[in-house]
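Below: one structure, written as structure tokens.
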Amino acid sequence: MPATDAAVRPPSSAPAAHRPPRRRHRRLRLVLRYALLSIGAVVVLFPLYMAVVNSLLAPSQIAHQPPPFFPLHPQWGSYRKAWTEGDLAVYLRNSAIQTTVIVAGQLVTSVLAAYAFAFLEFPLKRTLFVVFLMTLMIPFEVTIATNLSTVSSLGWFNTFPGLTVPFLATGFGTFLLRQAFLQIPRDLREAAQLDGYGHLRFLWSVAVPLARPALAALGVFSFLSAWNQYLWPLLVTGNDNSVRTVQIGLKQLINTQLDQINVSLAGTVIAVVPLLVLLVVFQKQLVRSLTSGAVK
Amino acid sequence: MSALRSRRHREWGLAYLLLAPALLVFAVFTFYPFLRNFKLALYQNPPYPGLPAHYVGLHQVGSVLASTSFHQSLVSTLLYVVMVVPVGLIGGLLLAVAAHKAIRGMAWFRLIFSSTVVTSVAVAAVVFGTLMDPVVGLLPWLGINPHPAILENPTWALPAVSLIAVWQFLGLSFVIMTAGLQSLPDEVLEAARLDGAGGWTMFWRVTVPLLSPTLFFGLVVGTIYAFQSFGQIDILIGPQNSQFTHTDVLLYSVYQALSIQDNPGVAAVLSIVLFTILLVFTLVQLRFLERRVTYAGN
């Protein structure tokens, strides 16, 4: 996908006499722009690049001064170690389960609620919509004191329900999908009604397919936030591995194997790869969800 | 007539049924715990865990708000936000302006610039923690040898954890600024260019003013993000060192009161403070979303 946009350079219509200096000027500016872009890219990528380099070095080499900036003799053993001794395979599996449940749950509850707000008339509609809006004003962080005791009293401490159920609904997602549903022409609903479509059938076979871009945006956004959660998994997972997610696993990795920095960095690289893939594949959807409200 | 009414009632029933799952989750895990903060704040937990908390009225609220540790936490949080948000926004804006031209390879640059949006705080913490390590990191090579080490240093620990947040926020900032730039009307920019505005004048006199809603949106989103971060502090500094390194930001105090001191009452008081500060910003954020809604709705 990247590198497909070709150079857009409008044919110069300037008189021949002016051409050489102008052209040189333009070329200089282009070179300058690429230089600036490259500096930016180096700054942004440097930390992750160094993580990859250090993960391939022996611990003694990492401490070497001046620091090596390129792994001349890459040692891939650290990745195997992180995977087995660091229990990374278990953490990744747990994160995959946690994330899948949250994404699926958020999509389902948001589709249902958004449909009600977009296509149905019922008493207290405005009030209930405000209630959904109000959830956006209460950051999850300010609810942890009670949520922790709720989850414990339900017997959900250190379980997947404890990790996921509090996140199975989202005001933001409902919002995003309601808007997508509102774009669907009302005539379509009326036509479907004449054809004998009930609400649920219309929802499933017309509204959901038409709102696919918004669903994708919400799905990618939910995936990103669920996978990267730190505070809640830290609070509700115990001292064993059974449901610990990869983010908390990283903390464990850096705490227990201080002399094995290459192993914890290998673990870090493994943990970030799924999301880089997500970014490459779903860049457009991700941008769309992150900028909702930024531009009209 | 009655058939019509029964159909309408069926529609009502269906609507409530569709809303029920989300409302149930919100009731149990958003509204109830939020409101219960105000009750928890009035009950003091005894120093021995297991004993019941007893009612002390506003006494606990007063003592928490008057404590030096709270004041220090508040100052740390504000310093942290002030270090993270402007730098992140300006960095994102510069990258977005540099990337706002259809030239060869730009898709790659855009991908790189937005990449930190997907890196988690744990990943960022481990990566930067290694780079800042006094033995294996880059600082000795750069001739920077603070004593005590940077992450245990009362002066440098907070700027260090802010730097991590800046890097992490850069991706989101770039994405927001790029969306803003792409929404600017080309005709206006073209007209300014024809009027002879050079690159720099153009940037300050035309681009920045036109971009001000986006900058404002970025400011709000960035501030909310900064107030909610604490992961890198938990991983790199930890509960033992956070107080004397002045890195115990509000959310970290909430976490410590709850998880380490086992004191929900204090956690509740601090949560209410955090909520109150964030309310200003979440309300503005809501207005942004609402503006879009009225567009779509009408």
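Just so it is clear, none of the values below were taken in a lab; they were calculated from the coordinates. This one's a predicted model, so the numbers in the text were calculated from it and none came from an experiment. Cβ placement follows ideal geometry from the backbone for every residue including glycine, while neighbour counts extend to all protein chains displayed.
Results, tabulated for the structure shown:
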{"read-out": "Partners for A:Lys284 among lysines (Cα-Cα distance below 25 Å; same-chain residues under 8 apart left out)", "value": "A:Lys296, B:Lys101"}
{"read-out": "Net dipole in debye of chain B [+1 Lys, Arg Cβ; -1 Asp, Glu Cβ; about Cα centre; nearest 20]", "value": "1100"}
{"read-out": "5 angstrom amide H check on B:Tyr43, placed H, neighbours 5+ away", "value": "B:Val56"}
{"read-out": "Extension gain (nm, one decimal) between B:Ser212 and B:Leu17, 0.36 nm per residue minus Cα-Cα", "value": "66.0 nm"}
{"read-out": "Relative contact order (%) - chain A, alpha-carbon pairs under 8 angstrom, separation at least six", "value": "29"}
{"read-out": "Anchor A:Lys81: lysines whose Cα lies under 29 Å away (excluding residues fewer than 8 positions away in-chain)", "value": "A:Lys251"}
{"read-out": "Under the span-like rule (Cα at least 24 Å along the axis, Kyte-Doolittle mean at least -0.5), DSSP H helices of chain B", "value": "B:2-26, B:68-98, B:157-183, B:264-297"}
{"read-out": "Ordering of A:110-120, A:206-216, B:52-62 by burial proxy (mean other Cβ atoms within 10 Å per residue, highest first)", "value": "A:110-120, A:206-216, B:52-62"}
{"read-out": "Calculated FRET value between A:Arg29 and B:Ser67, using beta carbons and R₀ = 60 Å, to 0.05", "value": "0.60"}
{"read-out": "Span from the the range B:96-124 Cα centroid across to the the range B:183-220 one, whole angstrom", "value": "21"}
{"read-out": "Whichever aspartates and glutamates have a C-alpha closer than 20 Å to that of B:Lys39, once near sequence neighbours (fewer than 8 apart) are set aside", "value": "A:Glu141, B:Asp262"}
{"read-out": "Shielding by partners - mean other protein chain Cβ count within 10 Å, residues of A:145-155", "value": "5"}
